[in-house]
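Every read-out reported here was derived from the displayed coordinates using simple, explicitly stated rules and does not represent laboratory data. Treat the numbers as computed from the prediction; the structure is a model and nothing was measured. Backbone-built Cβ (ideal geometry, glycine too); neighbour counts: all protein chains shown.
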Amino acid sequence: MMSELESIITSRRTIRIPKSDPIDLERVYDILKKASFAPYHSKVEPWSVTIASTLEEHQYFLKCVFESYERNQILADYSDEKVKKIKEAYEKVMLHTPVSLIVATDVFQDEKKDLESICATSTFIQNIQLLAWQKQIGAVWRTNPYILDDQFRDAFGIAASKRIIGTVHLGYFDPDEVPEPKKRRPLHEWIGRVDETREFSTYAANDERFK
């Protein structure tokens, strides 16, 4: 029998189009507070979160997305008709979503510290998704091209010393419309043992302790 934690981890699904029912921000704050118990390597937690929850905030978010795409020519290869459909799809989802989070992390121009910061904040984001799922709130973690745009970051007052890791969009969902799980590879396809490597065999063959 699965524990509650095991059930939450294995049952969680990405909810791309949630219900438009509003989410009490106190519930969001509670999720963020608990998610902040993710592990981290630096002296203080490296993450920061900018919240959009009103229609006006989401309209501004959408405006910044389209400006970023135009500035970086993300849609340059598409026909006008295709661009129109893409924008309509973005509007339908974005303006329908109750709460959106822009999650950023500290960067230090140091490979090791940056990796640690990104890993810690990614763990924080997964905590958000699991805690939200426990409250019957779905989430989708997006890493669209706009998160790499410094001007998009600046438009939300996020410091230049930070990098956006993704946007997380939250909303209630219909239990009858939860997607089927994606097929997972069997363990033997992605787990190996040290003693199965050629390098270990060479090491063992030349070490008196293994003879």
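Dipole check for the chain: with +1 at the C-beta of Lys and Arg, -1 at the C-beta of Asp and Glu, and the Cα centre as origin, the magnitude is about 300 Debye. Going by Cα centres, segment 1-63 and segment 85-121 are how many Å apart? Result: 12 Å between the Cα centres. Pairs of Lys residues in segment 80-163 that lie 8 or more places apart, or on two chains, and have C-alpha atoms under 27 angstrom apart add up to 5. Annotation: amide H-H contacts under 5 Å for GLY166 (H modelled 1.01 Å from N, sequence separation of 5 or more, or interchain): VAL103. Summing +1 for each Lys or Arg and -1 for each Asp or Glu among the other residues whose beta-carbon sits under 12 angstrom from that of THR167 gives +2.
Only helices enter this figure: runs of n ≥ 4 DSSP H residues, each worth -39500 (n - 2.57), summed and divided by the residues of the chain, yield -13000 deg cm²/dmol at 222 nm to the nearest 500. For segment 56-69, backbone phi angles converted through the Karplus equation (6.51, -1.76, 1.60; θ = phi - 60°) give residue-by-residue couplings of 5, 5, 5, 5, 5, 3, 4, 4, 5, 5, 5, 5, 5, 5 Hz, Gly and Pro being listed as x. The mean sequence distance of close C-alpha pairs (under 8 Å, at least 6 residues apart), as a share of the length of the chain, puts its relative contact order at 31 percent. The alpha-carbon of LYS33 sits under 13 angstrom from the alpha-carbons of these aspartates and glutamates, leaving out residues fewer than 8 places away in its chain: GLU45.
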